[in-house]
Each structure stands twice: as structure tokens, then as C-alpha cells.
Amino acid sequence: MKTFSVEKGTGALTVEGQVVLPGDNIVAVFSGGDIPHVGAVAVAFPRPSLKNDGTISASASVICGIGHKEDEIAKKAALRLAAAFNTTTAVSVGLHMNDPKPEDFTRILENFEMALEEILAQLREGTSAGKTSIR
């Protein structure tokens, strides 16, 4: 199995993304802040777009821990990865900050987005040059 990781940000605002590629599927774990954990998990399945335009979209299911707020970003990441690579994708997100300032939320979400973009780029690089799968 291929694995890789990315890291964006510094200190308590760091977000780490770890990716495992079991077969042609994607499993991504995003953690960060003061206490990395599992706050929400999303699983997305690719499907033809409902626009009937020949593109691939995805549908997702999410499980979110009580009191956690990572459900929307876990779903967003799972949908993007599943549609981009036409494969089943599972994403876990756990970001926790002790005593955050309002701007900390913005920054850790920016770091999450940058980590996701880097993961997408690395996976695209792995499928370039005529490769047909993400392995």
C-alpha cells in the first residue's frame, strides 16, 4: 500500500494529512490542533453526475461525534477526492484547539484546505503520465 503525508501550518494550528491507498481507494486522516482525534468520518462513493454531462460526482455519508464540528469539512474532502479520482474515499477529521481566538478557526481551516489541495496534487501527480489508477 502506498502512503504519504502532508503538513501545513505551525504550532497548534498545524494540520497533518495522512493518506493510505488500499487498492484503488483513498483513506485520508486529517488531524491537528492541540488534541488530534477522530471528530467526524465521511465516506464518499463516486457516481455519474446528476447533470448528465459525463462528469463524475460523488455522494457521501458522515458520522460526527457528539459536540464535534468537523462533519462538513470531512464531507467536503471526501466528496472532492472521490469525484476527482472516481474511487471510494474515507476521510477522518479531528482538529481541536484549546482556548482558540476567533482568527484561529480561520487559520486552521485555511491550513486544512492547503493540506487537502496538496493531497489532491500529489494524487494527480501519481495518476499522470498515462497511469490509470492512483496506486
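The values are calculated or read from the model by the stated rules, or taken from the named source; none is laboratory data. Keep in mind that this is a model prediction, so the values were computed, not measured. Neighbour counts are summed over all protein chains in view; Cβ atoms, including those assigned to glycine, are modelled from backbone coordinates with ideal geometry. What goes into the accessible areas is simple: the full protein's heavy atoms, side chains included, and nothing from ligands, DNA or RNA. Shrake-Rupley method; radii C 1.70, N 1.55, O 1.52, S 1.80 Å.
Structure values in brief
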item	result
From Gly54, Gly94, Gly65, residue being among the small types (Gly, Ala, Ser) and out of contact with any Gly (no Cβ under 9 Å at 6 or more places or on another chain)	Gly54
Residues within the range 81-101 that are open to solvent by less than 80 Å² (accessible area, probe 1.4 Å), outside any strand (DSSP E or B) and at pLDDT 95 or above, tallied	7
The range 13-70 - residue that is at pLDDT below 95 and of a type in the set (Lys, Arg) and, of those, nearest to Thr106 (Cα to Cα)	Lys69
Looking only at the range 121-135, and only at residues there that are surrounded by 15 or more Cβ atoms within 10 Å (Cβ to Cβ) and touching a Leu at 6+ places or on another chain (Cβ under 8 Å), the one that is modelled with the lowest pLDDT	Ile134
Test: residue in the range 10-33 that is under 17 Å from the mean Cα position of the chain (by Cα) and charged (D, E, K, R)	yes
Residue, nearest to Leu95 (Cα to Cα), within the range 1-44, restricted to residues that are part of a strand (DSSP E or B) and among the acidic types (Asp, Glu)	Glu16
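Residue-wise test of (1) hydroxyl-bearing (Ser, Thr, Tyr); (2) within 15 Å of Leu116 (Cα to Cα); (3) in contact with a helix residue (DSSP H, G or I) (Cβ under 9 Å, 6 or more places away or on another chain); (4) surrounded by 13 or more Cβ atoms within 10 Å (Cβ to Cβ).
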site: Gly9; (1), (2), (3), (4): no, yes, yes, yes
site: Val20; (1), (2), (3), (4): no, yes, no, yes
site: Asp24; (1), (2), (3), (4): no, no, yes, yes
site: Val27; (1), (2), (3), (4): no, yes, no, yes
site: Phe30; (1), (2), (3), (4): no, yes, yes, yes
site: Gly39; (1), (2), (3), (4): no, no, yes, yes
site: Pro48; (1), (2), (3), (4): no, no, no, no
site: Lys51; (1), (2), (3), (4): no, no, no, no
site: Ala60; (1), (2), (3), (4): no, no, yes, yes
